[in-house]
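The values are calculated or read from the model by the stated rules, or taken from the named source; none is laboratory data. Source: prediction; values computed, not measured. In this analysis, Cβ positions are derived from the backbone assuming ideal geometry, glycine residues included, and neighbour counts consider all displayed protein chains. To get the accessible areas, we keep the full protein, side chains included, count just its heavy atoms, and leave off ligands, DNA and RNA. Shrake-Rupley method; radii C 1.70, N 1.55, O 1.52, S 1.80 Å.
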Amino acid sequence: MNWKQSAAAIQFFTYLFLCNVAFVSARSIPARHQLPDNYDGPRRTHFFDIRNFGAVDDGVTLNSAAFEAAVDAVHQAGDGMIFVPEGRWLTAPFNLTSHCTLFLDSGALVLGTTEVELWAIIPGAPSYGQGRDHMGPRRTSLLHGEHLEDVVLTGRNGTIDGQGHVWWAAHYDGSEGNVTRGHLVEIMYSKPVVISNITLQNSPFWTVHPYMCQHVRATNLTILNPNHNAPNTDGFDPDSCQDVVIEDSFFNVGDDGVAIKSGWDCFGTELAAPCRDIYIRNLTVLSPSSAGVCIGSEMSGGVTNVTVEDCHFVNVHAGLRIKSAAERGGDVTNITFRNISVTNVETAMQFNDYYGDPNPSCGPLNETKLPIIQNITVFGLRGTLGSARNQTVLGPADLKGLPDAPLIGIHLEDIRIDNVNQTANQSFTCNPFVEGVAIRVHPPACPELWTPLLQRGITTPDVPVRVHRQRNSTKIT
């Protein structure tokens, strides 16, 4: 036996030994479980293997008690890593704890149970006042946590699967009742939160929903939901969060890739908790019915200081989207999209104040709660039009403000959209209530954009109107 064979034998028997040791108390992390070089979370003092809490990897045995016991062990130890090895691990929803890392090894598959009654019913989020789909409450998420410090979901590209087909079918046939489906991962009122190097798929509802969190990091994340018949399966939806980074990730989903939110109508405006300081880079999104990156439509608490750059959106309805409604309220300000490519999109940009259903729990609409959308920059965008779902192609851009709250401070520069069918009326579309500048834009932007509002006789006493120097669009050489 040579030295390589000896080393392999030692490693094998060490593995057998560790698999058969009951971790009654916490222990140091074994060398063979060292984290990947690109892991950016904290190193834990204690290590807990899910198998040593009775978990069975047959995809049939319910392992909720094992996951809950492992989380409790981390809580008792003060910190720790829960290690999920290769296998199929069925579980009902469970709550995480502070100073906890859930680590999914290569080949690990955590499956959410399809027994609907095991998903607990919880109140709607405070800035929504109800579940998103119904006036009643909502289901908890598969992985849930509230008021946590230092929580990490990571691994060697292990997978969390919500088995959403049961939930999507119940939504379509109406059997879900008055209760909104749960998310796959929801962390609330927590900081910092790290999600990296894992795959999330088949979410019942929005896939990742950080709510009122700070210092959120999502890196090397893969999210996979069917493009069709998987309603509301957004990828990553930061909601009233501060300091969020989403980078180096791939989302193929049934709704918006990223939807930045801050509450829905009266509950959002009353809570007034904006989503701010969001940075998204090197993200690829496929979503034929929805947007690559979207702000809204639930943005009543406001959204500010967002940068999206070096992203690629393929086969989406809209590459960049801001969607709101006349009574939604909220300020959307200081948004920058830079170095964006779009391929086969129905429209490259859609900033529109005529979207969204009112929150039925708010009562009569409040017409004084106007959304203010201003200071939006798109710099460096290239792409082609088309439709992956055989729908009408809208054109390069669709910009529509409100008479009492125009879109102002829109800055479009260095933009080229090819494959435009002018005979099919595929052109820039604007209503009269937009104002900004367009520099080196092809095809040419609509004249409503770069003609100042005051010059057109439009005044808005409640909104600070900015008069821009008129600059005509020109073709990019």
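Considering only residues of the range 121-132 that are open to solvent by 50 Å² or more (accessible area, probe 1.4 Å) and in contact (Cβ under 8 Å) with a residue 24 or more places away in the chain, which is farthest from residue 300 (Cα to Cα)?
My answer is 121.
Considering (1) closer than 10 Å to residue 256 by Cα; (2) open to solvent by 10 Å² or more (accessible area, probe 1.4 Å), say which one residue 292 fails and leave the rest.
Among (1) closer than 10 Å to residue 256 by Cα; (2) open to solvent by 10 Å² or more (accessible area, probe 1.4 Å), the lone unmet condition for residue 292 is (2).
Could you check how many residues of the range 258-297 are in contact with a Phe, Trp or Tyr (Cβ under 7 Å, 6 or more places away or on another chain), of a type outside the set (A, V, I, L, M) and within 15 Å of residue 210 (Cβ to Cβ)?
Count: 1.
Report yes if residue 410 is more than 16 Å from residue 291 (Cα to Cα), within 25 Å of the chain's Cα centre (by Cα) and buried (at least 23 other Cβ atoms within 10 Å of the Cβ), otherwise no. Before the answer, list the steps.
Numbers: more than 16 Å from residue 291 (Cα to Cα): yes; within 25 Å of the chain's Cα centre (by Cα): yes; buried (at least 23 other Cβ atoms within 10 Å of the Cβ): yes.
For residue 410, the condition - more than 16 Å from residue 291 (Cα to Cα), within 25 Å of the chain's Cα centre (by Cα) and buried (at least 23 other Cβ atoms within 10 Å of the Cβ) - is met.
If you take the residues in the range 321-360 that are of a type in the set (Phe, Trp, Tyr) and part of a loop (DSSP other than H, G, I, E, B), which one is nearest to residue 263 (Cα to Cα)?
Taking the range 321-360 as the starting set, the residues that turn out to be of a type in the set (Phe, Trp, Tyr) are 337, 351, 354-355.
Okay, now just the ones that are also part of a loop (DSSP other than H, G, I, E, B), so 354-355.
Details: 354: 17, 355: 15 Å.
Across the range 321-360, the extreme among qualifying residues is 355.
For (1) buried (at least 21 other Cβ atoms within 10 Å of the Cβ); (2) charged (D, E, K, R); (3) farther than 24 Å from residue 262 by Cβ, each residue gets a yes or a no:
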residue	(1), (2), (3)
61	no, no, yes
69	no, no, yes
74	yes, no, yes
87	no, no, yes
100	yes, no, yes
134	no, no, no
156	no, yes, yes
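Looking at residue 133, is it in contact with a His (Cβ under 9 Å, 6 or more places away or on another chain) and assigned to a strand (DSSP E or B)? I'd like the intermediate steps shown before the answer.
Numbers: in contact with a His (Cβ under 9 Å, 6 or more places away or on another chain): yes; assigned to a strand (DSSP E or B): no.
Criteria not met by residue 133.
What strands (runs of 3 or more DSSP E) lie completely within the range 187-233 and have 1 or more residues being in contact (Cβ under 8 Å) with a residue 60 or more places away in the chain and under 19 Å from residue 42 (Cα atoms)? Show your work before the answer.
Working: elements: 191-196, 199-201, 208-211, 214-219, 222-224.
Result: 191-196, 214-219.
Quick one: residue 344 ticks every box in (1) under 24 Å from residue 450 (Cβ atoms); (2) more than 21 Å from the chain's Cα centre (by Cα) except a single one, so which number is it?
Exception for residue 344: condition (1).
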